[in-house]
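Inspection log for the structure reproduced underneath, given as structure tokens.
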Ligand SMILES: [Zn+2]
């Protein structure tokens with residue numbers, strides 16, 4: 001019997017675990033077995049690898065072939081194990097192809113022996129680096145993505161024939177040309193495009209400064225989507241660690257990272273008709289990240305929020321609390337990060353014409369109430385700012401509006417104040433401060449207005465904490481050390497949408 005080994009990575013969420021691929025070839029009747037908790041895409045690897053090896057001059061061995069992926073307890077999914085399987089088999093059959101030592105392999109093979117791009121390469125290479133591996137073999141088309149991990153020696157191969165050259169000591173493919181990207185941080189979006197709407201713009205600025213969740217309601221065409229789309233342009237760029245984490249999630253979703261790491265807070269806006277799995281994350285056997293994870297460290301915008309199925313809206317509750325989403329499937333439970341800033345938008349009624357002058361709304365009061373109630377209380381209670389967006393008046397149409405850069409500067413100053421105050425508690429934003437710290441550790445403003453609202457049943461206990469957090473953000477934006485009566489009143493009005 002002959003055996004040979006190669007290594008790759010199995011991903012569990014965005015974490016990776018080293019997997020050893022062993023190939024054994026023994027005399028006997030022709031039979032091939034793939035063992036080690038492989039999913040369907042991986043079971044099909046056998047057929048792919050057989051054809052690909054044949055196309056690249058290595059014939060499939062005659063006899064009993066066993067391919068084992070260990071550790072055996074770990075569920076393995078994806079097509080990126082192809083390269084390791086082909087390499088182990090080739091080393092088993094051919095004496096001139098050595099076993100690859102100290103290197104991890106990623107790549108899917110085509111029937112003609114080409115090496116194709118795979119999902120989740122970046123988290124795979126990050127995991128390799130964490131385990132002390134300094135050399136990876138990846139599809140040539142994804143060399144840029146793999147090179148985003150600092151200090152990694154990246155070898156690209158376009159085909160199995162090229163891989164055999166690399167195993168014999170060859171250099172591999174050269175780095176592809178960088179993809180041209182616009183230097184503007186967020187494309188062409190800028191808050192200067194939104195004319196008028198001073199209250200809504202202010203709400204957006206406060207939300208950006210303190211990381212608060214936001215709910216815009218108002219007639220269609222008032223600019224709710226325009227405002228939400230521009231929230232990421234007010235947020236500071238991601239830190240290096242955050243950029244790597246966010247890019248890893250997007251790599252898992254199959255997005256190319258040729259242009260480099262994602263440096264700015266992402267924006268994700270699923271459609272109301274999207275499936276629960278595409279929003280929360282999911283898949284038949286093992287879960288892939290959904291829209292809420294693609295919004296991690298950025299903005300999740302749900303336009304026409306009442307149109308989303310209640311099941312979808314309620315599934316946001318746990319991630320809003322914990323910043324992560326747990327997806328259980330038959331074979332594995334996967335955890336993905338999902339710490340996003342939520343922006344909801346809704347029309348005043350099902351037909352949208354209720355507040356538009358001159359338009360005839362035919363909705364009954366009952367329908368209007370039912371529409372608003374489609375967003376459940378527990379979800380609404382987690383929203384910090386409720387902001388009404390008025391129809392645009394002509395008077396504002398020609399007035400020049402302040403651009404994103406100027407607002408982002410104020411946001412950054414307010415964030416700096418928060419960091420200075422909160423770093424000793426291990427936090428950086430007002431939205432993260434728990435009630436206990438808010439009431440016992442930080443200086444407490446005169447909270448009469450809040451207590452009065454609670455006594456009158458206009459504010460829940462959770463709501464009271466939210467008003468306090470908002471008041472801090474308003475104070476941070478105006479450069480005050482402690483929120484005063486004005487800040488508390490503004491916060492209370494923002495929370496209650498008045
Ligand atoms: Zn209506």
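The values are calculated or read from the model by the stated rules, or taken from the named source; none is laboratory data. Here the structure is a predicted model, which means the values were calculated and not measured. Glycine also receives a Cβ, built like all others from the backbone with ideal geometry; neighbour counts cover every protein chain displayed.
Among the residues in region 256-270, are any assigned to a loop (DSSP other than H, G, I, E, B), touching a strand residue (DSSP E or B) at 6+ places or on another chain (Cβ under 8 Å) and under 26 Å from residue 416 (Cα atoms)? Yes. Among the residues that make up region 49-63, is at least one of them farther than 30 Å from residue 122 by Cα, part of a loop (DSSP other than H, G, I, E, B) and touching a helix residue (DSSP H, G or I) at 6+ places or on another chain (Cβ under 6 Å)? Yes, region 49-63 contains a residue that is farther than 30 Å from residue 122 by Cα, part of a loop (DSSP other than H, G, I, E, B) and touching a helix residue (DSSP H, G or I) at 6+ places or on another chain (Cβ under 6 Å). Taking the numbered list (1) at negative phi; (2) buried (at least 18 other Cβ atoms within 10 Å of the Cβ); (3) at pLDDT below 85 in turn, residue 52 passes all entries but (3).
For residue 158, the stated conditions hold: it is closer than 20 Å to residue 57 by Cα, in the same structural domain as residue 70 (by TED's automatic domain parsing) and in contact with a strand residue (DSSP E or B) (Cβ under 8 Å, 6 or more places away or on another chain).
Which of the following residues is touching a strand residue (DSSP E or B) at 6+ places or on another chain (Cβ under 8 Å) and not in a loop (DSSP other than H, G, I, E, B): 241, 200, 248? Exactly one residue qualifies, and that residue is 200.
To keep it simple, each residue is scored yes or no on (1) in contact with a strand residue (DSSP E or B) (Cβ under 6 Å, 6 or more places away or on another chain); (2) over 14 Å from residue 4 (Cβ atoms).
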{"site": "56", "(1), (2)": "no, yes"}
{"site": "67", "(1), (2)": "yes, no"}
{"site": "73", "(1), (2)": "no, yes"}
{"site": "84", "(1), (2)": "yes, no"}
{"site": "90", "(1), (2)": "no, no"}
{"site": "101", "(1), (2)": "no, no"}
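Considering only residues in region 334-361 that are within 16 Å of the ligand (Cβ to nearest atom) and free of Cβ contacts under 8 Å to residues at least 60 places away in the same chain, the one that is surrounded by the most Cβ atoms within 10 Å (Cβ to Cβ) turns out to be 349. Of the numbered conditions (1) out of contact with any helix residue (DSSP H, G or I) (no Cβ under 6 Å at 6 or more places or on another chain); (2) assigned by TED's automatic domain parsing to the domain that holds residue 280; (3) surrounded by fewer than 18 Cβ atoms within 10 Å (Cβ to Cβ), residue 305 fails exactly one; give the number of that condition. Evaluating residue 305 over (1) out of contact with any helix residue (DSSP H, G or I) (no Cβ under 6 Å at 6 or more places or on another chain); (2) assigned by TED's automatic domain parsing to the domain that holds residue 280; (3) surrounded by fewer than 18 Cβ atoms within 10 Å (Cβ to Cβ) leaves (3) as the failure. Taking the conditions (1) within 23 Å of residue 200 (Cα to Cα); (2) under 28 Å from the mean Cα position of the chain (by Cα) in turn, residue 416 satisfies each one other than (1). Please tell me if residue 408 is farther than 30 Å from residue 221 by Cβ and either modelled with pLDDT under 85 or not in a loop (DSSP other than H, G, I, E, B) (or both). So residue 408 does not fit the description; no.
Would you confirm, using the coordinates I've provided, whether residue 69 is at pLDDT 90 or above and closer than 22 Å to residue 334 by Cβ? Yes: the conditions hold for residue 69.
Per-residue answers, yes or no, for (1) buried (at least 23 other Cβ atoms within 10 Å of the Cβ); (2) out of contact with any helix residue (DSSP H, G or I) (no Cβ under 8 Å at 6 or more places or on another chain):
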{"position": "240", "(1), (2)": "no, yes"}
{"position": "243", "(1), (2)": "no, yes"}
{"position": "246", "(1), (2)": "yes, yes"}
{"position": "249", "(1), (2)": "yes, no"}
{"position": "255", "(1), (2)": "no, yes"}
{"position": "260", "(1), (2)": "no, no"}
{"position": "264", "(1), (2)": "no, no"}
{"position": "268", "(1), (2)": "no, no"}
{"position": "272", "(1), (2)": "no, no"}
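Within region 277-288, being in contact with a strand residue (DSSP E or B) (Cβ under 8 Å, 6 or more places away or on another chain) and either modelled with pLDDT of 90 or more or assigned to a loop (DSSP other than H, G, I, E, B) (or both) holds for 280, 286, 287. Can you spot a residue in region 437-452 that is at pLDDT below 90, closer than 17 Å to residue 494 by Cβ, touching a helix residue (DSSP H, G or I) at 6+ places or on another chain (Cβ under 8 Å) and part of a helix (DSSP H, G or I)? Checking region 437-452: at least one residue is at pLDDT below 90, closer than 17 Å to residue 494 by Cβ, touching a helix residue (DSSP H, G or I) at 6+ places or on another chain (Cβ under 8 Å) and part of a helix (DSSP H, G or I). Scanning region 308-333 for residues that are part of a loop (DSSP other than H, G, I, E, B) and surrounded by 21 or more Cβ atoms within 10 Å (Cβ to Cβ) yields 308, 316. Return the only residue of 459, 477 being touching a residue at least 60 places away in the same chain (Cβ under 8 Å), surrounded by 15 or more Cβ atoms within 10 Å (Cβ to Cβ) and outside the structural domain of residue 217 (by TED's automatic domain parsing). The unique qualifying residue is 477.
Can you tell me which residue within region 362-379, out of those that are in a loop (DSSP other than H, G, I, E, B) and at pLDDT 85 or above, is nearest to the ligand (Cβ to nearest atom)? Checking each candidate, the answer is 363.
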